[in-house]
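Notes to accompany the following structure.
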Amino acid sequence: MVIGTDTAAEPLDAISVVTLKGVGEAMALKLASLGIHTLQDVLFHLPFRYQDRTRLSKIGELSPGSEAVISAEVMVSDIVIRQRRSLMVRLNDGTGSIMLRFFHFNQKQVKQFERGARVQCFGEVRRGPGMLEMVHPEYRVLAPDALDEAALDNTLTPFYHATEGVQQATLRKLTDQALKQLDQRLLRDFLPASVAGNLALPDLRTALHVVHRPPPGSDVNALMEGLHPAHRRLAFEELVAHRLGLRLLRVTAETQHAPKIRPPGVLAKSLRDSLAFNLTGAQDRVLLDVLNDMGSGDPMLRLVQGDVGSGKTIVAALAAAQVVECGYQVAMMAPTEILAEQHMLNFSEWFESLGIEVGWLTGKLRVAQRRATIEAVATGQKRIVIGTHALFQKDVQFQNLGLAIIDEQHRFGVHQRMALRNKGADENVLPHQLIMTATPIPRTLAMTAYADLDVSVIDELPPGRKPVTTVALENGRRGEIIERVGAAIDAGSQVYWVCTLIEESESLQAEAAEDTLVTLQELLPRHRIGLVHGRLKPREKEAIMQSFKSREIDLLVATTVIEVGVDVPNASLMIIENAERLGLSQLHQLRGRVGRGSAQSSCILLYQTPLSNNGRERLGIMRETNDGFIIAEKDLSLRGAGEVLGTRQTGLAEFRIAELGRDDDLLDDVSEIADLLLDAHPEAVQGLVRRWIGEEKKDYGGV
Ligand code: ADP
Ligand code: MG
């Protein structure tokens, strides 16, 4: 299945872009910022859009919104001065008329468009006042004897994601060259021909030619939406490679050892006895799964899934107690400072009375503090360490890490999980991994992003919880709502007021929250109102959360920093501003902050009109259900997997070409083919993982 005849040639992933014409060192750097290093990368950098300049359209058949090439004769050309001075040129091709409109033009152009001249134009067709028009089309004047079809392109025109200093034209030249090399050199087609054939997908070389230079008559919509067979061929291969990567990760884990955790359980029992509640059946069951895993001596890779408020934290703490009792350390990582703080508070309360020191490590620690903690972790003085991503940085060495707990893993990717592998006592010993998420994972994601994990589900809420009642109200009713907030506080409850902004900027969010604080203080003068946002120092945030928890604050104005994990059972009312701008899983996470105690809780979603259809649908779903699983499924279908999983940077399900949601129907075949390759084609497995997972190849156990 080697493509090309020159078998001595290097494969395309071994050839640097600097070998291409027009690529010097400076250009190579710019291309690197697009993730393009080799010829193979050039070929996997796919167009996101196409124009069709391969055929002429008849003016009479044009519709607004389309892009088209037309050839026609100039009927009238005129400079018109209304709001703006413009050159208006009316063309006719015998099937109809269209107006060209130029706001910037020179004398030469005015001349070119004299009556009777023939021009070929390319542009977007718009509805004009009297007839269709093109504004500033690209055009050329045809020679009197030229055919109307003169100078049409042979393929659709691709558009690539570009960057500063790398123009479309550059990318087209580079892909031209790379495609030529593809015909001469090696790019192995790792999928057995029978496979692609059965799926009615083209071979790799054909697929690449088609996506970069689609022949005339190609289905442009299918190409742009990634539904063209050529596109699907590439997506399929990528999904297979990703799946193989996860399988190998798992296989590697199975060849390694992990500490055998089988203590008498004295510590865990003391912790259990100190709780004010009994575990639910579901918590007990999941804890048992975890203890069984950890007792086996093989590394645990377990995902614990449980809706917000289902009580994942105590399950993690009880597992931690066992590990500590066996003499190993525990690390617990959360995606945000505030959530890490929350865990810190809980774990300190639970463990320090048992004489076990809990350490704290985030990116925001002062140097001296950080050094001291790192030291205490390395010597083993701190048996449990809680923190953010800072926990798994290179300079953090554990004395003997036995268990890594990762909370709310939707922000924590496969690649980060791999970083853990270096934190074990030695190369052959891996810490157990317990990954906890409130985001239920739809089947398609489970099959791709988490194929290497075992899953346990806490499918029961602690007793006495009542589902949160949710209403959506138009922003104009704020006054009324503020009164309701006052009344709720007077009745003994605590309230969250969540300010959201579409901007990612923490400082803008903070400002908006500060404004809201001022307004609310004016309108609710008797009540104690606090403010928490991402710009506060960790200590300040902690102090405020603590005073909200201890009821010194009635109303907490917050940004979405409180999204995950924050736990104040007495809070029973939440207002979310601009709710229409938030995604479903974010809304569900936020809403999960109330309904944690025994009181009937409510959530008010404030929205701005007009609502988009999608926004209306999201608010509707929130009103109808509290079920995280249903919400996650809807979220996936409304937004696509890339977004549901957080951002691309997380590294989780980070695909170049494939897209979950869109390519889901391929997944059954993907796992079948992955199994087949693992069984019968080990060299293809290596090749695919190297090709698609690239940099991370070392992390897949030397593949
Ligand atoms: P999540 O699964 O969302 O992380 P938490 O672990 O924060 O949930 O637990 C939510 C709240 O429920 C906490 O206040 C916790 O103490 C309490 N909780 C946990 N398990 C139980 C239980 N079995 N009975 C009563 N309350 C519980
Ligand atoms: Mg939690």
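Where a number appears in this text, it was derived from the coordinates with a stated rule and is not lab data. Only a predicted model underlies this, so the values are computations on that prediction, with no experimental measurement involved. Positions of Cβ are generated from backbone atoms using ideal geometry, with glycine treated the same way; all protein chains shown enter the neighbour counts.
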**Message:** Compute the angle between helix 281-295 and the longest alpha-carbon principal axis of the chain, please, reported from 0 to 90 degrees and rounded to the nearest 10.
**Reply:** 90
**Complete:** Per the C-alpha gyration tensor (a ≥ b ≥ c, the square roots of its eigenvalues), the chain is rounded if a/c is under 1.5, else prolate if a/b beats b/c, else oblate; here it's oblate
**Fill in**
Sorted by chain and number, the residues with a modelled amide H under 5 Å from that of Val385, at a separation of 5 or more or across chains, are Val330, Ala331, Met332, Gly359
**Request:** With label points built 7 Å along Cα→Cβ from the Cα atoms of Asp148 and Ile630, find their separation and express it in nm.
**Result:** 5.7
**Request:** Amide H neighbours of Val455 under 5 Å, at least 5 residues apart or on other chains, H built in the peptide plane: list them.
**Result:** Leu303
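Give me His136, His527 sorted ascending by neighbouring Cβ count inside 10 Å, so fewest comes first. Before the final figure, lay out the partial values.
On the way: His136 13, His527 16.
Listing His136, His527 from fewest to most nearby Cβ atoms yields His136, His527.
For a test of the definition: using alpha carbon positions, the gyration tensor, and the 1.5 limit on a/c, classify region 469-625 as rounded, prolate or oblate.
Details: a/c = 1.41, a/b = 1.23, b/c = 1.14.
Note, shape of region 469-625 comes out rounded.
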**Prompt:** What whole number of Å gives the distance from the Cα centroid of region 7-47 to the Cα centroid of region 74-143?
**Reply:** 41
**Prompt:** How big is the antiparallel share of DSSP beta bridges in the chain, given as a percent to the nearest 5?
**Reply:** 35
**Request:** Report, in degrees rounded to the nearest 10, the 0 to 90 angle that the Cα long axis of helix 478-490 makes with the longest principal axis of the chain.
**Result:** 10
**Amide hydrogen neighbours beyond the local backbone of Ile261, cut-off 5 Å, H modeled** = Gly295, Ser296, Gly297
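Taking the Cβ-Cβ separation of Ser353 and Ala169 as r and a Förster radius of 56 Å, what is the calculated FRET efficiency to the nearest 0.05?
Working: r = 69 Å, r/R0 = 1.23.
According to the calculation, E is roughly 0.25.
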**Item:** ³J(HN,Hα), Karplus 6.51/-1.76/1.60, whole Hz, each residue of region 622-635, x for Gly, Pro
**Value:** 4, 5, 7, 9, 10, 7, x, 6, 4, 4, 5, 5, 5, 4
**Prompt:** When the Karplus curve 6.51 cos²θ - 1.76 cosθ + 1.60 is applied with θ = phi - 60°, which whole-Hz ³J(HN,Hα) does each residue of region 673-685 get, with x for Gly and Pro?
**Reply:** 5, 4, 4, 4, 5, 4, 5, 10, 9, x, 5, 5, 4
**Request:** With θ set to phi - 60°, apply the Karplus curve 6.51 cos²θ - 1.76 cosθ + 1.60 along region 582-595 and write out the HN-Hα couplings as whole Hz, x wherever there is a Gly or Pro.
**Result:** 8, x, 4, 6, 5, 4, 5, 4, 4, 4, x, 6, 10, x
**Prompt:** Quick one: Cα centre-to-centre distance for region 196-210 and region 249-268, in angstrom?
**Reply:** 44
**Complete:** Counted neighbours (other Cβ, 10 Å), sorted fewest up, put Tyr139, Tyr496 in the order Tyr139, Tyr496
**Item:** Protection-proxy order for peptides 304-314, 380-390, each taking the mean of Cβ atoms within 10 Å per residue, highest first
**Value:** 304-314, 380-390
**Asked** Summing -39500 (n - 2.57) over the DSSP H runs of n ≥ 4 in the chain and dividing by its residue number, what mean residue ellipticity at 222 nm do you reach, to the nearest 500 deg cm²/dmol?
**Response** -11500 deg cm²/dmol
**Request:** First measure r as the distance between the Cβ atoms of Ser16 and Glu483, then evaluate 1/(1 + (r/R0)^6) with R0 = 56 Å and state the FRET efficiency to the nearest 0.05.
**Result:** 0.25
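Over the chain, calculate the relative contact order: mean separation of alpha carbon pairs under 8 Å at least 6 apart, over the residue count, as a percent.
Numbers: 1310 pairs, mean separation 90.0, N = 703.
Contact order relative to length: 13 percent.
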**Request:** May I ask you to sort Asp289, Asp627 by Cβ crowding, counting other Cβ atoms within 10 Å and putting the fewest first?
**Result:** Asp627, Asp289
**Asked** How big is the gap, in Å, between the Cα center of region 673-690 and the Cα center of region 592-642?
**Response** 41
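Test of the criteria: in region 32-117, which GluC sites (Glu not before Pro) are in a DSSP loop and have at most 16 other Cβ atoms within 10 angstrom of their Cβ? Don't jump to the answer; show the numbers that get you there.
Values: sites: Glu61, Glu67, Glu73, Glu114; in loops: Glu114.
Passing sites in region 32-117 are Glu114.
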